[in-house]
Amino acid sequence: MLNIFLLSFIVALTGALSPGPVLTFTIYKSLQGKRGYLAGFFIILGHAILEAVLIILLLLGVSVFLRNIVLLTIIGIVGGIILVIFGIMGIRSLQNQEFEVDFSLSETEVKGFKGNSVVGGILLSLSNPYWTFWWAVAGVSLMINLNISFENPLGILVFFLGHELGDFLWYIPISVFVYLGGKSLNASVYKKVIIASALFMIGFGVYLALKTIIVPPI
């Protein structure tokens, strides 16, 4: 169970570190109101609710439609390749010499939903094609390789908790930091963290693909 928790946690944290609409919304809500320091918690709570539903739906799909070993093998290999591609994209995004993590936002920079934090966490996750594609391919591959199924309810719970903790551990400190007046992170440090995370994703993607080929899921 520990390996399920750790792998789910690290993969989730690696994805959370990449800037996106949920981070922008978190910064915006953290700058608003008297309890902006709680914005990250409530936004990721909404995100977690959505992912809980999605995990159940994906497990239903795997158990009903994907009993064919050929399909499971293809998903495992493609999922690993997708993780490698995402890792490479993460490194390539840092090639800009003027890279910085600026937490100063104007009202016009935040597009779309600006309301309740929990609802925003759900809607912005759904509207993010990266999130949808990741779960449709890489997420399913990860669950297959970790043997997450309805026959192992404790495994489902551990996988879910590890995945969500990866998100909470990044967004809650960011929300508090922004609320307290933080304007930007040290670009050099952030780059190193992103590179380390991207390298992990690449390595783990290669591992998933090779493991699926050597030991096909049954």
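The values are calculated or read from the model by the stated rules, or taken from the named source; none is laboratory data. Just so we're clear, the structure is a prediction, and the values are computed from it rather than from any experiment. Please note: Cβ atoms are built from the backbone with ideal geometry, for glycine as well, and neighbour counts cover all protein chains shown.
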inquiry  = Among the residues in the stretch 13-35, are any buried (at least 17 other Cβ atoms within 10 Å of the Cβ), under 21 Å from LEU210 (Cα atoms) and either of a type in the set (Ser, Thr, Tyr) or at pLDDT 85 or above (or both)?
reply    = yes
note = Exactly one of ALA52, ALA48 is at pLDDT 85 or above, assigned to a helix (DSSP H, G or I), closer than 27 Å to VAL193 by Cβ and out of contact with any Leu (no Cβ under 7 Å at 6 or more places or on another chain), and that residue is ALA48
inquiry  = Quick check on the stretch 85-103. Is at least one of its residues out of contact with any Cys (no Cβ under 9 Å at 6 or more places or on another chain), under 29 Å from TYR190 (Cα atoms), modelled with pLDDT of 85 or more and crowded, with 21+ Cβ neighbours inside 10 Å?
reply    = no
message = I need the full set of residues from the stretch 115-145 which are more than 17 Å from the chain's Cα centre (by Cα) and not in a helix (DSSP H, G or I), in order please.
response = GLY115, ASN116
task = Quick one: in the stretch 9-45, of everything that is over 14 Å from the mean Cα position of the chain (by Cα) and not in a helix (DSSP H, G or I), which residue is farthest from GLY121 (Cα to Cα)?
result = LYS34
task = Output the number of residues of the stretch 104-129 satisfying the condition of being surrounded by 14 or more Cβ atoms within 10 Å (Cβ to Cβ) and at pLDDT below 80.
result = 3
